[in-house]
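S.K.: Quick one: the structure is below, questions incoming.
We did not get these values from a lab; they are worked out from the coordinates using the rules stated. No experiment lies behind these values; they were computed from the predicted model shown. Every residue, glycine among them, receives a Cβ derived from its backbone with ideal geometry; neighbour counts consider all protein chains shown.
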Amino acid sequence: MSGMKTDLKLIDENGKRIDGRGFDELRPIKIEAGVLERADGSAYIEWGGNKIIAAVYGPREVYPKHMQDPSKAVLRARYNMAAFSVDERKKPGPDRRSIELSMVISNALSSVVFLEQFPRTAIDVFIEVLQADAGTRIAGLTAASVALADAGIPMKDLIVGCAAGKVENTIVLDLNKEEDNFGQADLPVAIIPRTKDVVLFQMDGDMTQEEIDKAMDMAINAAMKIYDLQKDALKRKYFSIVQEDEQ
Ligand code: CDP
């Protein structure tokens with residue numbers, strides 16, 4: 001979010017955004033559950049130009065041992081961007097941004113998993129961004145919760161999110177890369193759909209309280225639609241297993 005002045009027009013005279021969307025339109029989203037053989041649970045998401053894999057391992061033994069918690073499982077999410085996922089090659093390995101995103105994603109997921117059922121274990125969640133196009137933390141988190149469910153890990157509910165933001169003084173849903181780079185604000189939000197508890201909330205840029213409220217409403221409404229896609233992905237996976245068993 002540079003807020004930089006640019007000649008690039010992000011919204012045209014007909015109110016269309018540069019990718020042709022209206023203000024409160026999502027980019028196309030596809031979710032698939034159970035895409036990796038060796039993980040306990042996995043999911044793949046395509047969200048606009050984002051392509052992200054989430055893999056879950058556990059509950060399993062904790063290494064290093066001193067990280068064990070005798071009262072509950074530790075859930076460790078690691079968000080990673082592949083070197084080829086962005087325009088300029090990203091230096092491999094964790095940087096400040098990915099460490100922060102890993103932390104906020106771990107916290108969000110920990111709020112729905114029944115960690116106390118698995119004391120002294122680790123639940124590891126790997127989020128690998130293969131192609132990035134803005135909104136990867138939310139897309140990664142959305143895929144990760146499907147991967148946890150696919151692993152059969154007991155959870156209160158899935159986690160789902162969406163971002164909204166401000167572009168040319170207009171509140172818009174689900175910013176793409178250009179809007180994220182040259183817009184005025186980006187506000188990623190994630191919720192527990194059943195209770196609407198907010199489990200991730202961040203803001204980059206400036207918005208008034210009124211604008212934040214509007215952006216939150218838009219993001220939460222969209223998140224509820226994405227929740228249906230998550231459930232469909234899980235149903236498709238388990239329906240195909242039942243069909244295989246019946247053959
Ligand atoms: O991806 P998200 O919107 O959650 O996080 P961000 O920090 O706001 O990054 C926005 C976008 O900038 C990413 O999705 C990438 O497309 C891009 N980016 C990049 O090109 N190089 C980086 N090292 C980090 C982000």
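S.K.: Please list, in order along segment 160-174, the HN-Hα scalar couplings obtained from phi with the Karplus expression 6.51 cos²θ - 1.76 cosθ + 1.60 (θ = phi - 60°), rounded to whole Hz, x for Gly and Pro.
M.R.: 9, x, 6, 10, 9, x, 10, 9, 6, 6, 10, 7, 10, 8, 6
S.K.: Still on this structure, please answer the following. Quick one: of the DSSP bridges fully inside segment 29-246, what percent are antiparallel, nearest 5? Display every interim value, and only then the final one.
M.R.: Working: 39 of 47 bridges.
In segment 29-246, DSSP labels about 85 percent of beta bridges as antiparallel.
S.K.: In whole Hz, what ³J(HN,Hα) sequence does segment 116-125 give by Karplus (6.51, -1.76, 1.60; θ = phi - 60°), x for Gly and Pro?
M.R.: 5, 6, 10, x, 6, 10, 10, 10, 9, 10
S.K.: Still on this structure: Multiplying the sequence separation of D217 and M203 by 0.36 nm and subtracting their Cα-Cα distance, what value in nm do you get?
M.R.: Numbers: separation 14, 0.36 × 14 = 5.04 nm, distance 1.46 nm.
Separation in residues times 0.36 nm, less the Cα-Cα distance, equals 3.6 nm.
S.K.: Ok, one more. Say a site is exposed when it is one of the chymotrypsin sites (Phe, Trp or Tyr not before Pro), sits in a DSSP loop, and has at most 12 other Cβ atoms within 10 Å; what is then the longest site-free stretch of the chain?
M.R.: Numbers: sites that count: F84, F114.
Maximal segment without exposed cleavage sites: 115-247.
S.K.: So, one more: Would you pull out the residues with amide H under 5 Å of T121's amide H, same chain only if 5 or more places away, H placed 1.01 Å from N?
M.R.: Residues meeting the amide H criterion: D69, A73, V74.
S.K.: Using Cβ contacts closer than 10 Å as the measure, can you line up M218, M203 from fewest to most?
M.R.: Numbers: M218 22, M203 16.
In increasing order of surrounding Cβ atoms, one gets M203, M218.
S.K.: While we're looking at this one, here's another question. Using only helices, what value at 222 nm comes out for the chain when you add -39,500 (n - 2.57) per DSSP H run of length 4 or more and divide by the total residues, to the nearest 500 deg cm²/dmol?
M.R.: -10000 deg cm²/dmol
S.K.: Which GluC sites (Glu not before Pro) in segment 69-140 sit in a loop by DSSP (not H, G, I, E or B) and have at most 11 other Cβ atoms within 10 Å of their own Cβ?
M.R.: Values: sites: E88, E100, E116, E128; in loops: E88.
In loop regions of segment 69-140 (DSSP not H, G, I, E or B), the sparsely surrounded GluC sites (Glu not before Pro) are E88.
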